[in-house]
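Presented below is the structure to which this report refers.
The values are calculated or read from the model by the stated rules, or taken from the named source; none is laboratory data. Here the structure is a predicted model, which is why all the values come from computation and not from measurement. Neighbour counts run over all protein chains shown; Cβ positions are idealised from the backbone, glycine included.
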Amino acid sequence: MGRTRTGAPPLPWPRRLWRFWLVAWNFAVIYLGYKRVQRMRGLSAEERRRRYAARHRATADRLYRLAVRMEGLLIKACQFLSSRADIAPPELVGGLARLQDAVPARPWREVAAQVRRELGAPPERAFARIERAPIASASLAQVHRARTHDGREVAVKVQYPGIDRVVETDLRSISLLVDLLARIEPNYDFRMIAAEMGRNVPRELDFAREGRSAERVARELAHRADVRVPGIVWEHTARRVLTMEYIDGVKISDTDELLARGIDPNAVARIMMEAYCEQILVNGFFHADPHPGNLLVLPGPVVVFLDFGLSKELPDDFRRTYNRFTLAVMGQNDAGMVDGFQKLGFRTRYDDPATLVALGRSFFDSAGPAQRPYADADVVGEVNERLARLLAENPVTEVPPDILLILRVLGLMSGLQKRLDSTVDMVGTITPFAEGQVAADAASGGA
């Protein structure tokens, strides 16, 4: 029968066809719904806005039902959309926000069987106590609170049985549909993102690897008292079960609760931005999934990073080039931006630097006139329209894979900064990290 890229045998053909049909049918319904509104003539601006808002709500409801029914990769995709409060329509964000950490849980018997297979003992013996009701349910796993026999309070993350086979099937379906969309609508070409998803999601299924990633980030940020990563309990960890220190904090997007506890959301936004500057610009290894379900806040404030399944290591040469590129973007240095894009591996159909300059300026312009750390919707619309015209004339034909997860992090952070109503100075925060690292690399003989 063969093995999939996740190492598991593929789903039987009937289940694979059923899953593909469900995704394809919903894809078609959503696409045609938007095209119908797009082609309506004679609508006032307010009426068109109202119709699009209704379409966004209908899309959110349809995607939510589909994700809950199919689980796995569809939930991850919807979580990503619901985290983009900076640019995604509020109706879509609100409708999908339920999937951030409230995914319908799997039955206890499935969880218990998985723990027994991975740890060699039923959960009631492996732990002194374990709660059957999960404290969080996500796209690939759910988390149960427990206590070890030596008295430590822990969170036990248990991978859903068979989810590796589901992920493999859905990756193929999404790849086919994204390719079809790119052929129908050339301005909506997400094939590079689908390819990167295909490379990264299967790696999230190795929980031992996730534990090592968490320990690396914890080690590299240990000097920061305002950042915390749960410790890993290795004696209760395997490929599909991850046991870590239990930390009870406030979800980072719950601004009302942060304020009620006397925690300044703006301080939280600053810590988050600084922590990511260190991870990406200095250390070259970063937590790549900062959606609200993966970030908690403690008094201090202290930002807690959870779920390191999606982490990324940058090659040293790429990190050095990206630092110089960042300084060029922050300083609006057109020649530096073009040089950075080319050295990072961006390619356009025609050798015209104007396209790369416009792309670089879009990073800066989308922050708005006040250079806010998130993208204001009214500014984004204007920037995207201008950029779309340039890219239609001279399309980007190659994007380096290493940049895609950085762009994902920047997008998710932008959404969180907006939720936190951040006033953190983006340029003033990022520039010192990039400058310091460029100088350090030069002193150590780095290019």
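On the basis of being closer than 24 Å to Ile403 by Cα and touching a residue at least 12 places away in the same chain (Cβ under 8 Å), does Gly249 make the cut? For Gly249, the condition - closer than 24 Å to Ile403 by Cα and touching a residue at least 12 places away in the same chain (Cβ under 8 Å) - is not met. Candidates are the residues of segment 415-447 that are in contact (Cβ under 8 Å) with a residue 60 or more places away in the chain and not in a helix (DSSP H, G or I); the one that is surrounded by the fewest Cβ atoms within 10 Å (Cβ to Cβ) is Ala447. When every residue of segment 288-303 is checked against the conditions, none turns out to be modelled with pLDDT under 90, aliphatic (A, V, I, L, M) and under 21 Å from Asp425 (Cβ atoms). If you go through segment 418-437 and pick out every residue that is polar (S, T, N, Q) and in contact with a Phe, Trp or Tyr (Cβ under 6 Å, 6 or more places away or on another chain), you end up with 0. The residues in segment 17-40 that are of a type in the set (Ser, Thr, Tyr) and under 24 Å from the mean Cα position of the chain (by Cα) can be counted, and the count is 1.
Being touching a residue at least 12 places away in the same chain (Cβ under 8 Å) and under 30 Å from Leu176 (Cα atoms) narrows it down to one of Pro265, Pro202, Pro230, so name that one. None of the other options fit; the residue is Pro202.
Looking at segment 15-111, what helices (runs of 4 or more DSSP H) fall wholly within it and have at least 2 residues that are within 23 Å of Ile184 (Cβ to Cβ) and either modelled with pLDDT under 90 or touching a helix residue (DSSP H, G or I) at 6+ places or on another chain (Cβ under 6 Å) (or both)?
On the way: elements: 45-70, 73-82, 90-96.
In segment 15-111, 45-70, 73-82 are the helices (runs of 4 or more DSSP H) which contain 2 or more residues that are within 23 Å of Ile184 (Cβ to Cβ) and either modelled with pLDDT under 90 or touching a helix residue (DSSP H, G or I) at 6+ places or on another chain (Cβ under 6 Å) (or both).
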